[in-house]
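Each reported figure results from applying straightforward, stated rules to the coordinates on display, with no laboratory input. What you see is a predicted model, and the numbers here were worked out from it, not measured in a lab. Virtual Cβ from ideal backbone geometry, glycine too; neighbours counted across all protein chains shown.
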Amino acid sequence: MEVKGSTNVVGLIGHPVEHSFSPPMHNAAFKKLDMDYVYTAFDVNPKDLENAIKGAEALNIKGFNVTIPHKIEVMKYLNEIDEVAKLIGAVNTIDFKNLKGYNTDGIGAIKAIEEVTSVKNKNVVVAGAGGASRAISFYLAKYGVDTLTILNRNVEKAQKLSEDVLKSELIDNVLSGQINDMSLDDADILINTTPVGMHPNVDVDPIASKDQMHEDLVVFDAVYNPNETVLLKEAIKADAKPVYGIKMLLYQGAESFEIWTGKKAPIDVMEDALTNYLGL
Ligand code: ATR
């Protein structure tokens, strides 16, 4: 890739950013499509966030991904927020054409699962009630799941999130409960948004064991390090269908790419770049 006077800049803002997988993934896509774009990462101190957004506008930067700790705070400096991102209360993508914020994390999870099965009219159990669960839960509601059950260690947080999702009126059936009381007998899809199984604690008890699973279950783990988590190992033993966390990274990136460029993202090339970078 040759950076020229005409090159369009997109990038990531966060704090820290140096270990991000996004630059190799997006730059591989730009190269493949022979687009005059470059993706880079900017470490932005929280106190400089407003200046960073104003400066990016002035510099004619085309788009940003936004990561921790700016996903909530940055909304103050945008002109417009996508409807679901507003419900979630966090953005991970900015399009500078209209200074509009989006949240592609949740869509990323849906698209990952939809490689295997449609989420529409399904009975879905989500473990965890933090930021990732929130992003995914609102998108599950938007994509037409029948019943959403949010389970968490701290049940009050699960109740609060389920009430918020119900209030959106995107879905009629939202339940909540304790993660240790999980029953998957009637579930079509299980989604893990907790860090259980994440490196370096890879050999912990999974949030669900093979004995709780069944053959028709799809199991998605948002944890991507390691690639095959203890939960996905259980899913494989149960003959359930595993969906790997890396797919969520891939599809959130693909969605952001399409928002900025209006072009279809080259999924295969982005996936290769991602797996190479993560050493998978
Ligand atoms: P993220 O943005 O990745 O969702 P988060 O907002 O910190 O991160 O949320 C982490 C979620 O994982 C929470 O639902 C947390 O449960 P609590 O609300 O009870 O703390 C859950 N979690 C973290 N460690 C866990 C563990 N060891 N077992 C079960 N749940 C866990």
A 21 angstrom limit on the alpha carbon distance is what I want to check against. Which of K31/K54; K31/K62; K122/K237; K31/K86; K62/K247; K76/K100 exceed it? K31/K54; K122/K237; K31/K86; K62/K247
Given the C-alpha centroids of the range 191-240 and the range 77-95, what is the distance between them in whole angstrom? 30
Between D43 and H19, 0.36 nm times their residue separation minus their Cα-Cα distance comes to what? 7.5 nm
The range 118-260 pair-distance distribution - Cα-Cα, 5 Å bins, rounded %: 2, 11, 20, 23, 22, 15, 6, 2, 0
Given an 8 Å cut-off on Cα distances and at least 6 residues of separation, report the relative contact order of the range 223-280 as a percent. 26
Taking E2, E228, E50 and counting other beta carbon atoms within 10 angstrom, the fewest-first order is E2, E50, E228
About the Cα centre, charge dipole magnitude for the chain (Lys/Arg +1, Asp/Glu -1 at Cβ), debye: 760
Between helix 246-261 and the chain: long-axis angle, C-alpha atoms, 0 to 90°, nearest 10: 40
Using alpha carbons only, how many angstrom separate the centre of the range 125-187 from the centre of the range 10-31? 31
With the chain reduced to its Cα atoms and the Debye formula applied, log10 I(q)/I(0) at q = 0.07, 0.10, 0.15 1/Å amounts to -0.25, -0.52, -1.13
Summing -39500 (n - 2.57) over the DSSP H runs of n ≥ 4 in the chain and dividing by its residue number, what mean residue ellipticity at 222 nm do you reach, to the nearest 500 deg cm²/dmol? -10500 deg cm²/dmol
13 Å Cα-Cα reach of K120 towards aspartates and glutamates, excluding residues that sit fewer than 8 places from it in its own chain: D146, D188
